[in-house]
Amino acid sequence: MKKKLIAMILAASMVLSLTACGSGAAGTTAPAADNGAAADTATADASADTAASGSTTDVAFVTDVGNIDDQSFNQYTWAGVQQFCQKNNLNANYYKPSEDSDAARLEQMDNAVKDGAKVVVMAGYLFAAALEEAQAKYPDVSFLALDVSTGDLATPAKNTALITYKEEQAGYLAGYAAVTDGYKELGFLGGMAVPAVVRYGYGFVQGAEQAAKDTGATGVNIKYWYSGS
């Protein structure tokens, strides 16, 4: 089940990212329950079905900082979880930490397991500390951590899968395309200087430099900032 869920989440992230870029439309989201958990499964149609397991929660998603409809990690990961659960007749709920702290993240992971979750999905390197405790605390629960690397979590347990991305490749293509299209005054504005954003930025610079060499372009300048938020 873990491998299928990983594939579904990654597919949803790619498809919904393209949709969001093309139309600006946000995906469908489910309302949050009192403890931060969403009450429904994948879609309005699927919510009428009863999960075969009979559990309140089969697969849980604990959100990163921000809302479930952020058109980024939270929204697209949640969409992948919903799609997987709809196809497998399972209940999916999301849990939103009350604050940006390890204790709050662990609290919602605890709530998910109490509700019956056998798989807990999370997005963002900030989960490393809470995950380190949870994976030992719940050896019979599988944890999927997106954008968490072994640099964040030194010793993943057997019940934990870490999923990382090669952001530098996307950045490289963007930088290369910009110079190939004739632009010479380029800028990169990242949010916080976290590893994923840094990798994208470095890739952007490398792509622009390579395109300049390949096309013979001169006078290409890149201004590089982080906004810090």
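Brief remarks follow.
- Any chance LYS184 is of a type in the set (Lys, Arg) and under 30 Å from ARG105 (Cα atoms): no
- Residues of the range 61-91 satisfying the condition of being at pLDDT 90 or above and touching an Asp or Glu at 6+ places or on another chain (Cβ under 7 Å): ASN74, GLN75, CYS85, ASN89, LEU90, ASN91
- Residue satisfying condition, being part of a helix (DSSP H, G or I) and farther than 30 Å from ALA136 by Cβ, within set ALA174, ALA196: ALA174
- Screening GLU185, GLU209, GLU168 for residues that are within 30 Å of SER142 (Cα to Cα) and either of a type in the set (Phe, Trp, Tyr) or modelled with pLDDT of 95 or more (or both) leaves exactly one candidate, GLU168.
- Matching residues, the range 199-229, being touching a strand residue (DSSP E or B) at 6+ places or on another chain (Cβ under 8 Å) and in a helix (DSSP H, G or I): TYR200, GLY201, PHE204, VAL205, ALA208
- Taken together, the criteria place GLY190 among residues that are buried (at least 17 other Cβ atoms within 10 Å of the Cβ) and either under 23 Å from GLY151 (Cβ atoms) or touching a residue at least 12 places away in the same chain (Cβ under 8 Å) (or both).
- Residue list for the range 99-154, restricted to those being assigned to a helix (DSSP H, G or I) and β-branched (Val, Ile, Thr): VAL113
- Of the residues making up the range 148-163, not a single one is farther than 30 Å from MET109 by Cα, of a type in the set (A, V, I, L, M, F, W, C) and either surrounded by fewer than 19 Cβ atoms within 10 Å (Cβ to Cβ) or touching a Leu at 6+ places or on another chain (Cβ under 7 Å) (or both).
- Residue match in the range 172-179 (condition: in contact with a Ser or Thr (Cβ under 8 Å, 6 or more places away or on another chain), surrounded by 14 or more Cβ atoms within 10 Å (Cβ to Cβ) and modelled with pLDDT of 95 or more): yes
- For LYS137: the one exception among (1) under 26 Å from GLY80 (Cβ atoms); (2) at pLDDT 95 or above; (3) surrounded by 15 or more Cβ atoms within 10 Å (Cβ to Cβ): (3)
- Test for GLU168: is it within 23 Å of the chain's Cα centre (by Cα), in a helix (DSSP H, G or I) and surrounded by 14 or more Cβ atoms within 10 Å (Cβ to Cβ): yes
The values are calculated or read from the model by the stated rules, or taken from the named source; none is laboratory data. All figures in this text were calculated on a predicted structure; none of them were measured in a lab. Quick reminder, even Gly has a Cβ in these numbers, built from the backbone with ideal geometry, and neighbours come from all protein chains shown.
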